[in-house]
Structures are given as C-alpha cells and as structure tokens.
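K.L.:
Quick one: this structure, given as structure tokens, is what I'll be asking you about.
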Amino acid sequence: MKIIDIHIHGGLGVNFNTSSYEEIKNLLKELKKRNITAICPTLVGDEEAKLRERFKLFKKIKQDLKNDEAYIIGLHLEGTFLNPQKPGIQDARVFMRPCIENFKNLTEGFEDIIKIVTLAPELDENGSLSNYLEERNIRAHAGHTLGNYKGNTSATTHHFNAMPPISHRGKNLALDCLLDGETYCEIIADGIHTSDNMLKLFFKVKDKSKIIMISDALPAAGYNREVTFCSKKILPSGKDENGTIAGSVMFLDEIIKSAVKRNIISLDDAEKYAFLNPLQHLNLSPCELEKIKN
C-alpha cells in the first residue's frame, strides 16, 4: 500500500528545520522503502531568515528528486501563524500574526513550495489569510488554536490536539469539524496523542472521505535516542523533560500497522485515509499525481 504523509517533521535523526541536503535526501530514500511515497515536509516556527533558507533548500531538493526517494509535494508550515497561547512544544516568540502581508513577506519567491499552512483561525481577521491561501491551492488548516470555529480553513491539524477539547455546550471546533462533512481532519492514531476509545469514536463518526492519517513524526522517529527539536531536548518517548508531547516517534506505516492491530481501523480503510484522501484534499496537478502514483 502506498502512503502519503502530509505532516512529518523528519525521522532517523533528521530534522527538516535544521538538517542538510544530503541528510534529508537519505531520509527520503528510507521513507520510500517504507512505501511512504510522498510527503509534505513540515516546518515548525523559526526566524524568518532561517525559514527562507529552508524554503530555498527544499525547492532545490524537490528539483533533484530521484525515483528511489519519497516525492516532496510541498512544505507544510505548522509554525509561524499559531496562537502564542497554544504553542505546544514550539517557541511562541517567533510566531507572526496570520495575515496576507506577513505570509507574502515570509514566502516571497518561494510560494510554489508551500502546500499547507496551519494557522489559528481566531487570529486570522475575517478569514482573509485562509481565503488567500485556498484561492491559490494552498491548504489552510486550523490548529494550535484557542478558538472554537474553523473560519475559512479546509482542514484541522492533528485533530483534538492543540485545540479546545470537545464540549457539550456551545460551539466547539473539535466537535463541529468531526461532524462537518466538508472539512478534512488530520489524525494521529498512535494511541498516545489520542486515546484508543476517542480514536474509535472519531473513525466511527467522521466521514470516511475526509479523514487523513498523519504521523507528526519527529526526528526521533525510528531513532530511539534523544534529539533536539524546537531548541528543546526531546526524549525517545517523543516528549520533552516536562512531559509535553512534541510529536510522534513512529512513522506513518508503523502507525497504520499498529492501528490495524489494535482494531482501530481496517487495512482497506487505511489506504483511503493515508493515500486517496490526502490526494483529494491537496488537489494536485495531473503531473504530480503521475509522479506519486507511479
């Protein structure tokens, strides 16, 4: 089964925010061996100059891709436009206000390498940045938010995590998007980010055509050693020294196998959640579809 991971920070010691050209190319080869045929390398927040250097590097890597490497669809910017009161493991000091001007200044000359932007909808005034992105076929995801509405985003980032918990009163982002037949939802089914019972509820209730399984894999995935991520020491468990979850230490192929074994999903549904649905959501060109499917 071919797999697409639209939310992955690295693995085997490789960090997409800091690692070199050769290190990233080697990881892409290892991912392809796992049948992870395409990814959206995911960058956490950083200084503007450092992010632009990453954009330049990944543009070069994408141009140089070989058949034995996982295809790079485009970058997922998970940092930068988040709510500073809901940063997770990230450094809120480098966050920017989600607005068109800031996005243009950050990505000028590299717009074509950006495919997903996670942002806090409550800070996106009138949904202007979300609209701007979606009109340009860049997917806006709601995440790291304290708001209770999705605004003009088309998906949620790691559903349930870094957002208000489900409530039985008033509007609620996690609940509303769970029931919304138009909104895609990323989900980490490793059994750590979300309990198995909540995962069973999610997969039972959510429209099957709108579920996207992700790994949120850290540089620690497949590494079993301490790593530095967001300038913090991350233990082999995927948590920092204070117990904050930084991400997953499993690749998406491992998460799928584990979720099937735990009777959370079926193998047939996994292909939809981890391949067909991401393709549908990202609205790729025929040329890119051919590169991923072949």
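K.L.:
I'd like to know if the range 44-55 contains one or more residues that are in contact with a strand residue (DSSP E or B) (Cβ under 7 Å, 6 or more places away or on another chain) and within 22 Å of Pro236 (Cβ to Cβ).
P.N.:
yes
K.L.:
Turning to a different aspect of this structure: For the range 276-293, check the following and say yes or no: at least one residue is on the phi > 0 side of the Ramachandran plot, open to solvent by 10 Å² or more (accessible area, probe 1.4 Å), out of contact with any Phe, Trp or Tyr (no Cβ under 7 Å at 6 or more places or on another chain) and free of Cβ contacts under 8 Å to residues at least 40 places away in the same chain.
P.N.:
Checking the range 276-293: not a single residue is on the phi > 0 side of the Ramachandran plot, open to solvent by 10 Å² or more (accessible area, probe 1.4 Å), out of contact with any Phe, Trp or Tyr (no Cβ under 7 Å at 6 or more places or on another chain) and free of Cβ contacts under 8 Å to residues at least 40 places away in the same chain.
K.L.:
Yes or no: Ile4 over 22 Å from Lys56 (Cα atoms) and assigned to a strand (DSSP E or B)? Spell out how you get there, then give the answer.
P.N.:
Values: over 22 Å from Lys56 (Cα atoms): yes; assigned to a strand (DSSP E or B): yes.
Judged against the criteria, Ile4 is a match.
K.L.:
Do we have Asn137 as assigned to a loop (DSSP other than H, G, I, E, B) and at pLDDT 95 or above here?
P.N.:
So Asn137 fits the description; yes.
K.L.:
Could you count how many residues in the range 209-266 are open to solvent by 30 Å² or more (accessible area, probe 1.4 Å), of a type in the set (A, V, I, L, M) and within 21 Å of Lys33 (Cβ to Cβ)?
P.N.:
Going through the range 209-266 one residue at a time, the tally reaches 3.
The values are calculated or read from the model by the stated rules, or taken from the named source; none is laboratory data. Being a predicted model, the structure only gives us computed values, none of them experimental. We place every Cβ from the backbone using ideal geometry, glycine too, and count neighbours over all the protein chains shown. Note: accessible area is taken over every heavy atom of the protein model, side chains too, but ligands, DNA and RNA are not part of it. Shrake-Rupley method; radii C 1.70, N 1.55, O 1.52, S 1.80 Å.
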